[in-house]
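Let me begin by presenting the structure, written as structure tokens, before commenting on it.
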Amino acid sequence: MIRPIIPADTDALVALTQATGMFKPLEIVALREVLDDYFAENQADGHVAIAFEDTAAGAIVGYAYYGPAPMTEGTWQLWWIAVEKNQQGRGVGSRLLRHVEDDIRVNHQGRILFIETGSLPHYELTRQFYRKFDYEQHALLKDFYAVGDSMVVFRKALNA
Ligand SMILES: CC(C)(COP(=O)(O)OP(=O)(O)OC[C@H]1O[C@@H](n2cnc3c(N)ncnc32)[C@H](O)[C@@H]1OP(=O)(O)O)[C@@H](O)C(=O)NCCC(=O)NCCS
């Protein structure tokens, strides 16, 4: 079941993200701040955070966080998506991303979605995931995160 996240989900979302082993410690710290800011104000400004819950187990197995890019017309960004490590590769991320795209297009009349990720080898499966969903690798910001660690920007027109 996909549902909106609530403040009581925060610890589980941070723990799930950390346990993927894909994020730097400073990114985990930032995530908690992002979620706090989401409940304090950004939710009211149009940001959206959803969880995929295994209802039988009563546990969150994945989530996505997205919102409209400020000062644009119909441009959205997916800022976070993660699935619990031992549940990856079973379709949860696909269901979340499809939900994100449908929500943006149908309920918000969004026309384009950008996703940023890393260039390092351990993100190759993640990049494959976006390519599988017909995202085009649109830009590479060389050494953006650190020397040798570039930002890869994926782009998809949602009304194509
Ligand atoms: C990327 C991620 C959200 C995809 O969710 P998922 O539930 O694993 O993906 P799905 O099962 O829906 O889709 C599987 C496809 O995604 C890709 N994929 C990405 N990570 C994968 C993984 N760990 N295991 C298997 N497939 C993975 C493959 O291309 C796969 O296609 P295939 O089945 O034809 O080989 C998830 O793997 C994840 O949380 N990864 C770590 C965190 C991360 O990279 N987040 C994004 C930061 S920008």
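The values are calculated or read from the model by the stated rules, or taken from the named source; none is laboratory data. What you are looking at is a predicted structure, and each value in this text was computed from that prediction instead of being measured. Here Cβ is always computed from backbone atoms with ideal geometry, including for glycine, and neighbour counts include all displayed protein chains. For accessibility, only protein heavy atoms count, side chains too; no ligands or nucleic acids. Shrake-Rupley method; radii C 1.70, N 1.55, O 1.52, S 1.80 Å.
Filtered by the rule that a residue be more than 19 Å from residue 100 (Cβ to Cβ) and of a type outside the set (A, V, I, L, M, F, W, C), the range 22-50 gives 24, 25, 27, 32, 33, 36, 37, 41.
The lone criterion from (1) of a type outside the set (Gly, Ala, Ser); (2) closer than 12 Å to residue 4 by Cα; (3) within 16 Å of the ligand (Cβ to nearest atom) left unmet by residue 39 is number (3).
Put simply, of 90, 131, 98, 155 the only residue that is touching a His at 6+ places or on another chain (Cβ under 6 Å) and modelled with pLDDT of 95 or more is 155. Please go through the range 147-160 and give me each residue that is open to solvent by less than 60 Å² (accessible area, probe 1.4 Å), at negative phi and away from the ligand (no atom under 15 Å from the Cβ), ordered by number. Passing the criteria: 157, 158.
Just one of 10, 17, 72 is closer than 22 Å to residue 121 by Cα, of a type in the set (Val, Ile, Thr) and modelled with pLDDT of 95 or more; which is it?
Values: 10 fails: closer than 22 Å to residue 121 by Cα; 72 fails: closer than 22 Å to residue 121 by Cα.
Residue meeting the stated conditions: 17.
Among the residues of the range 30-48, those identified as within 16 Å of the chain's Cα centre (by Cα), open to solvent by 80 Å² or more (accessible area, probe 1.4 Å) and of a type outside the set (Lys, Arg) are 33, 43. Would you check if residue 25 is within 16 Å of the ligand (Cβ to nearest atom), without any contact (Cβ under 8 Å) to a residue 24 or more places away in the chain and open to solvent by 30 Å² or more (accessible area, probe 1.4 Å)? Judged against the criteria, residue 25 is a match.
Looking only at the range 42-68, residues that are away from the ligand (no atom under 16 Å from the Cβ) and touching a Phe, Trp or Tyr at 6+ places or on another chain (Cβ under 7 Å) come to 3 in all.
Picking from 20, 10, which residue would you name as being under 20 Å from residue 94 (Cα atoms) and either open to solvent by less than 80 Å² (accessible area, probe 1.4 Å) or touching a Leu at 6+ places or on another chain (Cβ under 8 Å) (or both)?
When all the criteria are applied, what remains is 20.
Within the range 3-21, the set of residues being closer than 19 Å to residue 97 by Cα and within 13 Å of the ligand (Cβ to nearest atom) comprises 13, 16, 17, 20. So, residue 138, is that one more than 10 Å from the ligand (Cβ to nearest atom) and outside any helix (DSSP H, G or I) or not? Taking the combined requirement at face value, the residue satisfies it. Cβ-Cβ contacts under 7 Å between residues 6 or more apart (or on different chains), taken from a first residue in the range 104-124 that is closer than 12 Å to residue 77 by Cα to a second residue that is of a type in the set (D, E, K, R) and within 11 Å of the ligand (Cβ to nearest atom), are listed as 117/127.
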